[in-house]
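Shown next, in structure tokens, is the structure this report addresses.
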Amino acid sequence: SISAQRIAVRFSANKERYEERDFLDENSWEGNASWRSQFTNSISTLINYQREEAPVDQLEFTGRDLVARENANAQLSLGDNRWLGIIVGAHQLQQRHSNEERRYLNFKDQDVFAELRYKGATSSWASLRYREGERNYELFELLPKNLNFDYTQWEIETAWQLTPKTELSGLAGYFTRDGESNNNEGALASMKFTWQTSPKLATEITYSFSQPALGESTDAPNEIGSTVLMFRWQWSTKINITAGGSYSELEYPGAEDLLPRIERNISVTPLAIEWLFADSMRFRFGAQWMERHSPIFIRDYDGYILTGGLALAF
């Protein structure tokens, strides 16, 4: 914090190393940064940037490829401390592939938005938002079909403190896409219910639904629906334990006259623990089991992941 300015930066470097298929070894980096300025009690600005990068899913592409997604937002808020406020801004999303063979999937998505926000007496609020933008592929001449499109989108976002122990937040949206291949309309939604079940136990239920545009990946589903249930237990002042699971359904378009196929994924986290054993040192351990059901043999499998590590805060 510097006077009325608040600046935050986070950066991480990752090394992916494989025991057997070392030709997939990769180095990547991620991070985010934000700059918030408060000019008066009612006027503020926010600029933020986030970058995520991860190896491609080998079910989508068998080879080395890092997929990076960069999100940038800039917004101006009027009426921060009033019951009714206005927010205007711009957003940009960029997706890039490190593999030369897949750079035809690189795109830039840009939009401008305006939002009307209502604040309740407590921490509850609700917003009505309108977006208008376009998505363009950098090497569209290499695409098998034109995936560029313009779009408009209406969103309602809200967060309500139902009781002192429960909170409900969610987003519902409707979009239209105007393009040669992406010429459709659809919906998106997400909801999160948080319940402080006891002084030490918190329960979270999350649901999300989306209809991605064609071209975000070479094997993009038409619809994605996911439900997550998590339990977070503060065993002591230094130990936090998490357990839960998720279920998701992905619907893919059928080839030619074939019916669409549906894949079902189940993931269970029987235990994840974080232990603060020193003022600046944390130990983390997690276990996850997953089962994937698909009519395609190579995509039908189960497996598990164990993770552990130390985190130093300074």
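Using a cutoff of 8 angstrom between alpha carbon atoms and counting only pairs six or more residues apart, the relative contact order for segment 97-219 works out to 18 percent.
Shown in residue order for segment 79-92 are the 3J(HN,Hα) couplings computed by the Karplus curve 6.51 cos²θ - 1.76 cosθ + 1.60 at θ = phi - 60°: x, 4, 9, 10, 6, 10, x, 10, 10, 10, x, 9, 9, 9 Hz (x for Gly and Pro).
The count of lysine pairs in the chain whose Cα atoms are under 24 Å apart, excluding pairs fewer than 8 places apart on the same chain, comes to 8.
Ligands, DNA and RNA left out, the accessible area of segment 1-62 computed with a 1.4 Å probe is 52% carbon and sulfur.
Surface listing: R102, R284 arranged by accessible area from highest to lowest gives R284, R102, probe 1.4 Å. GNM remark for the chain: springs join alpha carbons under 10 Å apart, and the peak mean-square fluctuation among T158, T62, T194 falls on T62. Heavy-atom accessible surface of the chain, averaged per residue, reaches 62 Å², computed with a 1.4 Å probe.
Thinking of segment 1-157 as a set of Cα atoms, what percent of all their pairs are more than 21 Å apart? Summing the P(r) of segment 1-157 above 21 Å gives 61 percent of all pairs.
Largest GNM mean-square fluctuation across R117, R264, R135, computed for the chain with C-alpha springs under 10 Å, falls on R264. Just checking the listed ones, S127, S280, S98: in the Gaussian network model of the chain with Cα springs under 10 Å, the one fluctuating most is S280.
The values are calculated or read from the model by the stated rules, or taken from the named source; none is laboratory data. Since the model is a prediction, treat every value here as computed from it, not as a measurement. In case anyone asks, the SASA skips ligands and DNA or RNA and just uses the protein heavy atoms, side chains included. Shrake-Rupley method; radii C 1.70, N 1.55, O 1.52, S 1.80 Å.
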